[in-house]
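For reference, the structure discussed in these notes is given below.
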Amino acid sequence: MILSSASPASVALTIAAAAAYAVPAAGHARLSERAARTALIAAWVLHAGALAWGLLGASPRFGFAPALSVTAWLVLTVYAVERQMFPQLRARWALAGLGAAAVLLALVFPGTPLHVSGSPWLPLHWALGVAAYGLLAAAVVHAWLMQRTEQTMRLGEEPQAGVPLLTLERLTFRFATAGFVLLSATLLAGIFFSESLYGRAWRWDHKTVLSLLAWVAFALLLLGRARFGWRGRKAVRVIYVGSLLLLLAYVGSRFVLEVVLGRSA
């Protein structure tokens, strides 16, 4: 826990963002559509400010919690864009709760100081990795909505997501495909340009192994979809397994380093 390293501005932005997220998360049944949307937009902007302060400020830091916070912000960005195309999509309260938890976690565990790298390609490598996390996390959210919609349809109830099941399925696989492409680019860059990026040759470690296993899981998912028509529960399970492996690869390893062992990578 490194709260003492946070600046007053960072603390203020984080608390304001968490409070704004809490409004639609806790009061989704009582708020009007306009009030919930306004609160979520304000939270999204404040969240972006907190991320920018932590990553681009005088003492930039990064770690497992900021990675989760960036991922949550990207998922909310995707949701905001999707709402323009599918106004009936209903996942605001769950995503607001996710955003509040992520932004507070990043305040408590801001990570370790970022050191200036000699490689100008390192920021691009990180951007590819974070974007892959965000798109695959969006795939997980849509898979969860798809699963809930299928369950409510089996019970003869109105779908809670507000979007037809086939539309959710199509969106899930689009996000999984886009995330897989970016994950592939991230892994290829790490394998072939590791020495240029990190100053050391590529090596087998738990992070590499878990990342490759996640890549295999998503490759099987897309292959199974194309060749065998995988859908429904089978597809959702593979998405969950691949995402869990990817989460453990970076977030899990950094959690162990920062919290359990108390040192930087």
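The values are calculated or read from the model by the stated rules, or taken from the named source; none is laboratory data. Remember, it's a predicted structure, so these values are computed and weren't measured experimentally. All Cβ positions, even for glycine, are placed from backbone atoms using ideal geometry, and neighbour counts span all protein chains on display. What goes into the accessible areas is simple: the full protein's heavy atoms, side chains included, and nothing from ligands, DNA or RNA. Shrake-Rupley method; radii C 1.70, N 1.55, O 1.52, S 1.80 Å.
How many nm separate the modelled label positions at R233 and S59, each set 7 Å beyond the Cα in the direction of the Cβ?
Here the answer is 5.2 nm between the modelled labels.
Work out how much length A42 to S194 would gain on full extension: take 0.36 nm times their residue separation and subtract the Cα-Cα distance, in nm to one decimal.
That works out to 50.8 nm of additional length.
Could you check the simple spin-label distance between R34 and R83, using points 7 Å along Cα→Cβ, in nm with one decimal?
Rounded to a tenth, the inter-label distance reads 1.5 nm.
Based on DSSP H runs of at least 4 residues, each adding -39500 (n - 2.57), what is the mean residue ellipticity at 222 nm of the chain after dividing by all its residues, to the nearest 500 deg cm²/dmol? If you can, show how the numbers build up before the last one.
On the way: 9 runs with 187 residues, N = 265.
The helix contribution divided over the chain gives -24500 deg cm²/dmol.
With label points built 7 Å along Cα→Cβ from the Cα atoms of S184 and A52, find their separation and express it in nm.
Distance between label points: 3.4 nm.
Could the peptides 82-91, 170-179 be put in order, highest first, of the mean number of other beta-carbon atoms found within 10 Å of their residues?
170-179, 82-91
How long is the chain along each principal axis, judged by its Cα atoms, biggest number first, in Å?
57, 48, 30
Calculate, for the chain, the solvent-accessible area per residue in square angstrom, rolling a 1.4 angstrom probe over the heavy atoms of the protein chains.
Result: 52 Å² of accessible area for each residue.
Which percent of the accessible heavy-atom area of the chain goes to carbon and sulfur, probe 1.4 angstrom? Write out the running numbers ahead of the final one.
Working: 9630 of 13850 Å².
Reported share for carbon and sulfur atoms: 70 percent.
Given the C-alpha atoms of the stretch 221-265, compute the convex hull and give its volume per residue in Å³. Don't skip to the end; give the middle numbers.
Details: hull volume 2.5 nm³, N = 45.
Each residue corresponds to 55 Å³ of Cα convex hull volume.
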